[in-house]
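> Please find one structure pasted underneath; my questions will follow.
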Amino acid sequence: MPDAVVDLLSFIDRSPTPYHAVAESVRRLGDAGYRALRDDEMWDLAPGDRCYVVRGEGSLVALRTGMTSPANAGFRVVGAHTDSPNFRLKPLADVAEEQRYPGALPREQRGAMQPRTIDEVLRATCNADPALRKRAVRELCPCELKVNDSEAWDRILELTRDRAVGVRRNALHTLIDGSPREREPEVVGALEGMRDDPDAKLRRHARKLLARYRRTGRINFNAR
């Protein structure tokens with residue numbers, strides 16, 4: 001069997017889920033001399049650089065800069081799905097039985113899959129890695145959580161003051177995507193605090209949301 005076929009079959013065997021596919025791709029990119037970038041930081045790239053960035057553990061972008069400006073040489077893009085037909089459970093879908101989704105895989109069998117309990121996700125929001133905090137905030141979104149958990153909302157409000165702009169941005173998105181009516185004064189207070197956010201884009205967004213709130217009386221602009 002040709003080496004390329006053997007290598008492809010090995011890759012497929014190591015990639016039963018998008019998370020495993022990304023992890024295996026990252027390993028191979030590292031072997032090929034690629035370095036990791038963070039999506040919440042400015043990139044300083046030079047001609048010939050080989051880099052990659054991972055989003056949410058299930059998406060991957062790899063790039064190699066050319067020796068000539070794209071304005072003159074153009075650029076090439078290749079895309080592919082990291083997923084294939086596979087059975088996946090949402091991290092916090094229909095919560096039951098001690099806040100754990102029935103039938104969820106044991107921790108040792110999950111590989112790179114996401115946390116499955118509210119407590120696990122809340123702990124992840126305290127991780128030193130801002131990328132993990134950022135992902136955890138997404139998991140606390142009402143569209144994922146499916147329950148009105150007061151501790152979760154307390155933590156989301158705290159994260160509007162996180163030191164990482166990506167975490168603050170996700171916290172703001174979550175607050176306007178289904179926060180309980182009784183938390184409205186706290187949500188408005190968080191938006192007021194973000195009027196002076198260090199990040200100019202986030203600052204403008206918070207001010208725009210406040211203006212819409214005063215005009216419409218609605219705070220959950222993302223909710224359907």
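None of the figures in this text is laboratory data; all of them are computed from the coordinates on show. What you see is a predicted model, and the numbers here were worked out from it, not measured in a lab. With ideal geometry, Cβ positions are generated from the backbone for all residues, glycine too; neighbour counts draw on all protein chains shown.
> Around D49, which amide H atoms from residues at least 5 apart in sequence, or from another chain, sit under 5 Å from its own amide H, with H modelled in the peptide plane?
T65
> Can you give me the distance in nm between label points at D199 and K146, each placed 7 Å from the Cα along the Cα-to-Cβ direction?
The modelled label-to-label distance comes out at 2.9 nm.
> Along segment 126-133, what does the Karplus equation 6.51 cos²θ - 1.76 cosθ + 1.60 (θ = phi - 60°) give for ³J(HN,Hα), rounded to whole Hz, x for Gly and Pro?
Along segment 126-133, the couplings run 9, 4, 5, 7, x, 5, 6, 5 Hz.
> Continuing with this model, one more query. For R163, R169, which order do you get if you count the other beta carbons within 10 Å of each Cβ and list the fewest first?
Sorted ascending by nearby Cβ count, the order is R163, R169.
> Would you mind calculating the relative contact order of segment 29-73 from Cα pairs under 8 angstrom and at least 6 residues apart, reporting the percent as a whole number?
Computed over segment 29-73, the figure is 32 percent.
> Along the charge dipole of segment 1-86, which of G58, P47, V78 sits closest to the positive end, that is, farthest toward it, with unit charges on the beta carbon of Lys, Arg, Asp and Glu (+1, +1, -1, -1)?
Selected residue: P47.
> Here's another thing I want to ask about it. May I ask you to sort T68, T17 by Cβ crowding, counting other Cβ atoms within 10 Å and putting the fewest first?
Result, fewest neighbours first: T68, T17.
> Here's another thing I want to ask about it. Could you tell me the center-to-center distance, by alpha carbons, between segment 145-168 and segment 1-80 in angstrom?
The two parts, judged by their Cα centres, are 31 Å apart.
> Another question about this same structure. With viscosity set to 1.002 mPa s and temperature to 20 °C, compute the Stokes-Einstein D of segment 172-217, Rh being the Kirkwood radius across alpha carbon pairs; µm²/s, no decimals.
200
> Something else: Just tell me which aspartates and glutamates come within less than 18 Å, Cα to Cα, of K201; anything on the same chain fewer than 8 places away is out.
Counting by Cα, and skipping residues close in sequence, K201 has these aspartates and glutamates nearby: D39, D40, E41, D162, E192.
> Here is a further query. Want the number for D49 to H173: 0.36 nm per residue separation, take away the alpha-carbon distance, what's left?
My answer for the length gained is 41.3 nm.
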